[in-house]
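The values are calculated or read from the model by the stated rules, or taken from the named source; none is laboratory data. These figures come from a predicted structure and were not determined experimentally. Glycine also receives a Cβ, built like all others from the backbone with ideal geometry; neighbour counts cover every protein chain displayed. For accessibility, only protein heavy atoms count, side chains too; no ligands or nucleic acids. Shrake-Rupley method; radii C 1.70, N 1.55, O 1.52, S 1.80 Å.
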Amino acid sequence: MLSWARAWRLPYGGLELSRICFSRVPVAPSSSGRSGAEPSRSVPLSYKLLDGEAARPALVFLHGLFGCKTNFNSIAKALAQQTGRRVLTVDARNHGDSPHSPDMSYEAMSQDLQDLLPQLGLVPCVLIGHSMGGKTAMLLALQRPDLVERLVAVDISPVNTTSISDFPAYMAAMKAIDIPEKVSRSFARKLADKQLSSLIQDMAVRQFLLTNLVEADGRFVWRVNLDALAQHVDEILAFPPRQESYPGPTLFLLGGNSDFVHPSHHPEIRRLFPGAQIQTVPDAGHWIHADRPQDFMAAIRGFLA
């Protein structure tokens, strides 16, 4: 069976290094998870920061499950140019270049950002999170509203999304992949795509998942921590119960072709985020920023105005 990587490094290819700050971090030890009632232990997240006006709140992008900070590369660069603001993209724990940890709770992911954002001098910020990243953003805003100037939740709501998510099936398909050692990258991707196709018919979804297939020491591995994700999948698809509300400006940006946010979720959205606007992007699925990038950016700029 294909194993999954403990760490991986992304290439710099084509980036404007004069305007970008990179962070490269070591892998967290496997014993760093929570136990009992102990507070969540943060891990040092990998990030990319585009420069801009320090006097204006930075835009902070949080990707979804199986994603990474490079999902927002073109959008981050465009919004930095269009708004003049600093733009931060971050790899969540167990994703991209960030350390692996057995703890994949939203409390832990929020704590990672509670440590990182003040260190970078980016608070309060405009927090923009997609899917899993949206739930992390919502929890952080509820826990620490002083760190969040305004909030954007992209095609996600503060409720359990288990019934509409195929992510558990994706994990099972990824774990079942079997690729021989010492094969070319193109052959490995074709073989993995063929094996995934038996369970995942959508080619776009397979291509997205295959961005996590990387070479390490002559073997192809998953850079996401599938063990931790599979162990916490129910927790990832749920949302921690909260009583407090976030009073700041909030935008729920929904895909017109997505079923992730249902009208039945609106009362809980209004309870936790009384200042919420709900906006739909036509002809967009769950990955709005990939399906309709111009409309996505226009919605963000409109919310900032």
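Out of the residues in the stretch 94-135 that are over 12 Å from the mean Cα position of the chain (by Cα) and charged (D, E, K, R), state the one that is nearest to N160 (Cα to Cα).
Only one residue fits best here, namely E107.
I'd like to verify a number: residues in the stretch 60-89 that are closer than 16 Å to L113 by Cα and touching a helix residue (DSSP H, G or I) at 6+ places or on another chain (Cβ under 6 Å), how many?
Of all residues in the stretch 60-89, those closer than 16 Å to L113 by Cα come to 60-64, 68-69, 87-89.
If we keep only those that are touching a helix residue (DSSP H, G or I) at 6+ places or on another chain (Cβ under 6 Å) too, we end up with 61-64, 87, 89.
Count: 6.
Are any of the residues in the stretch 250-265 hydrophobic (A, V, I, L, M, F, W, C) and touching a His at 6+ places or on another chain (Cβ under 8 Å)? It would help to see each step written out before you state the result.
First pass over the stretch 250-265, keeping only residues hydrophobic (A, V, I, L, M, F, W, C): 251-254, 260-261.
With the extra rule that they be touching a His at 6+ places or on another chain (Cβ under 8 Å), the set shrinks to 260.
Looking for residues that are hydrophobic (A, V, I, L, M, F, W, C) and touching a His at 6+ places or on another chain (Cβ under 8 Å), one finds at least one in the stretch 250-265, hence yes.
Output yes when any residue across the stretch 148-163 is at pLDDT below 95, assigned to a helix (DSSP H, G or I) and not charged (D, E, K, R), and no when none is.
As a first pass, look at the stretch 148-163 and keep what is at pLDDT below 95: 160-163.
Subset that is assigned to a helix (DSSP H, G or I): 162-163.
Now narrow it down to the ones that are not charged (D, E, K, R): 162-163.
The answer is yes; a qualifying residue exists.
Between a residue in the stretch 144-155 that is in contact (Cβ under 8 Å) with a residue 40 or more places away in the chain and farther than 7 Å from L127 by Cα and any residue that is open to solvent by 10 Å² or more (accessible area, probe 1.4 Å) and not in a strand (DSSP E or B), which pairs come within a Cβ distance under 6 Å, given they are 6 or more apart or on different chains?
E149/P57; E149/P124; D155/S258; D155/F260; D155/H286
Just to be sure, is A188 crowded, with 16+ Cβ neighbours inside 10 Å and in contact with a helix residue (DSSP H, G or I) (Cβ under 7 Å, 6 or more places away or on another chain)? Before the answer, list the steps.
Values: crowded, with 16+ Cβ neighbours inside 10 Å: yes; in contact with a helix residue (DSSP H, G or I) (Cβ under 7 Å, 6 or more places away or on another chain): no.
So A188 does not fit the description; no.
Are any residues in the stretch 156-166 out of contact with any helix residue (DSSP H, G or I) (no Cβ under 6 Å at 6 or more places or on another chain) and either open to solvent by less than 10 Å² (accessible area, probe 1.4 Å) or polar (S, T, N, Q) (or both), and if so, which ones?
The first filter runs over the stretch 156-166 and keeps only residues out of contact with any helix residue (DSSP H, G or I) (no Cβ under 6 Å at 6 or more places or on another chain), leaving 160, 163-164, 166.
Passing the criteria: N160, S163.
If a residue has to be assigned to a helix (DSSP H, G or I) and under 20 Å from D202 (Cβ atoms) to count, how many in the stretch 282-295 make the cut?
Pass one, the stretch 282-295, residues assigned to a helix (DSSP H, G or I): 288-291, 293-295.
After this cut, where a residue has to be under 20 Å from D202 (Cβ atoms) as well, the list is 288-291, 293.
Matching residues across the stretch 282-295 total 5.
Restricting to the stretch 68-99, give me the number of residues that are surrounded by fewer than 23 Cβ atoms within 10 Å (Cβ to Cβ), farther than 16 Å from F296 by Cα and among the hydroxyl-bearing types (S, T, Y).
1
Do you know which of the residues in the stretch 100-123 that are under 17 Å from D227 (Cβ atoms) and not in a helix (DSSP H, G or I) is most open to solvent (accessible area, probe 1.4 Å)? So that I can check it myself, show each step before the final result.
Our first condition is that a residue be under 17 Å from D227 (Cβ atoms); within the stretch 100-123, this holds for 100-105, 108-109.
With the extra rule that they be not in a helix (DSSP H, G or I), the set shrinks to 100-105.
On the way: H100: 3, S101: 1, P102: 50, D103: 9, M104: 0, S105: 0 Å².
Looking at residues that are under 17 Å from D227 (Cβ atoms) and not in a helix (DSSP H, G or I), I get P102.
Would you mind finding the one in A230, A305, A298, A276 that is in contact with a strand residue (DSSP E or B) (Cβ under 8 Å, 6 or more places away or on another chain) and on the phi < 0 side of the Ramachandran plot? Before the answer, list the steps.
On the way: A230 fails: in contact with a strand residue (DSSP E or B) (Cβ under 8 Å, 6 or more places away or on another chain); A305 fails: in contact with a strand residue (DSSP E or B) (Cβ under 8 Å, 6 or more places away or on another chain); A298 fails: in contact with a strand residue (DSSP E or B) (Cβ under 8 Å, 6 or more places away or on another chain).
Of the residues listed, the single one that is in contact with a strand residue (DSSP E or B) (Cβ under 8 Å, 6 or more places away or on another chain) and on the phi < 0 side of the Ramachandran plot is A276.
Out of the stretch 47-76, which residues are without any contact (Cβ under 8 Å) to a residue 60 or more places away in the chain and over 12 Å from the mean Cα position of the chain (by Cα)? Steps first, answer last, please.
Residues of the stretch 47-76 that are without any contact (Cβ under 8 Å) to a residue 60 or more places away in the chain, as a first pass: 48, 50-53, 55-56, 69, 73, 76.
Of everything in the stretch 47-76, those that are without any contact (Cβ under 8 Å) to a residue 60 or more places away in the chain and over 12 Å from the mean Cα position of the chain (by Cα) turn out to be K48, L50, D51, G52, E53, A55, R56, N73, A76.
Given the condition surrounded by fewer than 14 Cβ atoms within 10 Å (Cβ to Cβ), assigned to a helix (DSSP H, G or I), small (G, A, S) and under 21 Å from the mean Cα position of the chain (by Cα), answer yes or no: does some residue in the stretch 253-264 qualify?
no
So, in the stretch 194-226, exactly how many residues are within 24 Å of D91 (Cβ to Cβ), not aliphatic (A, V, I, L, M) and not in a loop (DSSP other than H, G, I, E, B)?
7
Can D227 be described as open to solvent by 60 Å² or more (accessible area, probe 1.4 Å), under 20 Å from the mean Cα position of the chain (by Cα) and of a type in the set (D, E, K, R)?
yes
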